[in-house]
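For reference, the structure is listed below as structure tokens.
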Amino acid sequence: MRVAARLIELGARPDVIYRQLYEQYSLGRIRLAGIVLSRVTLDCDGRMAYTWLSGRLRPLGSRPVDTEDLVNECLKIAGTQCAFIAVEQ
């Protein structure tokens, strides 16, 4: 915490850093999210959500790392308790 406080004193802007790290995506990642989220399926009386991505259908400009947090979007569906994404390698 002291290091963070010192960085802020020196001019670091936590809001800008957060936005650059977690709120800005490439166009390829946004297109990938659209494909993956359009395939979300619920099972087990709505308690499980899953989706998939074929390696052949990966949009231009997206990278394998772009799928990492998409499964968390499935957990935002009311009633879901678990979720997974199957990604063809």
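Looking only at segment 45-89, filter to residues that are in contact with a strand residue (DSSP E or B) (Cβ under 7 Å, 6 or more places away or on another chain) and under 12 Å from Ala33 (Cα atoms); which one of those is modelled with the lowest pLDDT?
Step by step, filter segment 45-89, then rank; the result is Thr67.
Against the conditions (1) surrounded by 10 or more Cβ atoms within 10 Å (Cβ to Cβ); (2) under 15 Å from the mean Cα position of the chain (by Cα); (3) in a helix (DSSP H, G or I); (4) among the β-branched types (Val, Ile, Thr), where does Thr51 fall short? Just the number, please.
So Thr51 meets the others, but not (3).
Hey, among Asp45, Asp66, Asp15, which residue is charged (D, E, K, R) and part of a loop (DSSP other than H, G, I, E, B)?
Numbers: Asp66 fails: part of a loop (DSSP other than H, G, I, E, B); Asp15 fails: part of a loop (DSSP other than H, G, I, E, B).
The match here is Asp45.
Identify, by number, the condition in (1) among the hydrophobic types (A, V, I, L, M, F, W, C); (2) part of a helix (DSSP H, G or I); (3) surrounded by 13 or more Cβ atoms within 10 Å (Cβ to Cβ) that Ala4 doesn't meet.
Condition (3) is where Ala4 drops out.
Can you name the residue in segment 38-89 that is in contact with a Phe, Trp or Tyr (Cβ under 9 Å, 6 or more places away or on another chain) and polar (S, T, N, Q) and is also nearest to Tyr25 (Cα to Cα) among such residues?
Ranking the qualifying residues of segment 38-89, first place goes to Thr51.
Residues to consider are Gln24, Gln20, Gln89; find the one that is exposed (fewer than 11 other Cβ atoms within 10 Å of the Cβ) and in contact (Cβ under 8 Å) with a residue 24 or more places away in the chain.
Within the list Gln24, Gln20, Gln89, the selection yields Gln89.
Report yes if some residue within segment 27-40 is on the phi < 0 side of the Ramachandran plot, in contact with a strand residue (DSSP E or B) (Cβ under 7 Å, 6 or more places away or on another chain), of a type in the set (D, E, K, R) and without any contact (Cβ under 8 Å) to a residue 60 or more places away in the chain; otherwise report no.
Taking every residue of segment 27-40 in turn, at least one turns out to be on the phi < 0 side of the Ramachandran plot, in contact with a strand residue (DSSP E or B) (Cβ under 7 Å, 6 or more places away or on another chain), of a type in the set (D, E, K, R) and without any contact (Cβ under 8 Å) to a residue 60 or more places away in the chain.
Thr80 - would you say it is of a type in the set (Ser, Thr, Tyr) and not in a loop (DSSP other than H, G, I, E, B)? Give the steps one after another, and end with the answer.
Details: of a type in the set (Ser, Thr, Tyr): yes; not in a loop (DSSP other than H, G, I, E, B): no.
So Thr80 does not fit the description; no.
Can you run down the residue pairs with Cβ atoms below 9 Å, 6 or more apart or on separate chains, where the first is in segment 50-71 and more than 11 Å from Val87 (Cβ to Cβ) and polar (S, T, N, Q) and the partner is at pLDDT 85 or above and loosely packed, with under 12 Cβ neighbours inside 10 Å?
Cβ pairs passing all conditions: Ser62/Leu27.
The values are calculated or read from the model by the stated rules, or taken from the named source; none is laboratory data. Computed from a predicted model, the values in this text were never measured in an experiment. So basically every Cβ, Gly included, is an ideal-geometry build from the backbone, and we count neighbours across all protein chains shown.
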